[in-house]
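Read-outs: derived from the displayed coordinates by stated rules, not from any lab. If you're wondering where the values come from, they're calculated on a predicted model, not measured in any experiment. Backbone-built Cβ (ideal geometry, glycine too); neighbour counts: all protein chains shown.
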Amino acid sequence: MNDIKTIQNGEKFAHVSVGKINGFEGKQFVKDATGATSCEISFGTLPTNAAVPFFHSHKENEENYVILSGKGKFQVDDTVFDISEGSVIRVATNCDRNLKCTSEEPLTYICIQAKEGSLGNYTAADAEITERENLL
């Protein structure tokens with residue numbers, strides 16, 4: 001497991017790092033480090049032939065898995081399908097899920113967990129173009 005490094009915190013933001021994603025090992029949750037109030041984000045890596053050691057289900061939160069590298073199998077209840085780099089999998093509440101690495105390289109992923117049905121306006125509907133001096 002990597003240690004989360006706090007880089008900078010401001011009144012309206014938190015900047016943390018889990019370190020290099022290539023070579024990341026284990027599972028790391030970041031909600032507490034960032035002070036997030038709308039979702040939990042975690043990074044995970046499974047070595048060749050390893051699976052998460054348990055199935056799990058959520059009562060209120062859906063999960064979105066983004067596969068960063070490797071290949072594997074994903075199971076939702078009794079449905080099993082192949083996953084690979086670039087796969088994005090949404091899993092609803094009240095169903096079992098698990099994943100396994102089937103590639104020679106580790107399966108590395110991000111999991112974003114948020115309350116199912118809570119997304120209101122998003123992207124342009126929730127955005128407002130503002131006037132500010134560009135300091136970049």
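Worth a mention:
- Segment 84-101-segment 40-57 distance, computed between alpha-carbon centres (Å): 10 Å
- Amide H partners (placed H, <5 Å) of Val52, local residues excluded: Leu99
- Working note: Karplus 6.51/-1.76/1.60 with θ = phi - 60° gives segment 40-52 the couplings 10, 10, 9, 10, x, 9, 10, x, 3, 6, 8, 10, 4 Hz, where Gly and Pro are set to x.
- Under the simplified labelling scheme, the Glu128-Lys12 pair shows an inter-label distance of 1.1 nm, with each label point 7 Å from Cα along Cα→Cβ.
- Per-residue ³J(HN,Hα) for segment 78-83, Karplus 6.51 cos²θ - 1.76 cosθ + 1.60, θ = phi - 60°, Hz, x for Gly and Pro: 9, 9, 10, 8, 6, 10
- Checked against a 30 Å cut-off, the cross-linked pairs Lys27/Lys115; Lys31/Lys59; Lys12/Lys71 give Cα-Cα distances beyond that limit for Lys12/Lys71.
- Considering only Phe43, Phe81, Phe24, the Gaussian network model of the chain with Cα springs below 10 Å gives its largest mean-square fluctuation to Phe81.
- Across segment 124-136, coupling constants 3J(HN,Hα) worked out from phi with the 6.51/-1.76/1.60 Karplus curve, θ = phi - 60°, read 5, 5, 9, 9, 9, 6, 10, 9, 7, 5, 7, 9, 6 Hz, and Gly and Pro carry x.
- Distance in nm between pseudo-label sites at Glu104 and Val66 (7 Å out along the Cβ direction from Cα): 2.8 nm
- The convex hull around the C-alpha trace of the chain, projected and averaged over every direction, spans 10.2 square nanometres.
- Label-point separation, Lys5 to Thr48 (7 Å along Cα→Cβ), nm: 3.0 nm
- With at most 12 neighbouring Cβ atoms within 10 Å, loop trypsin sites (Lys or Arg not before Pro) (DSSP) excluded, longest segment of the chain: 60-131
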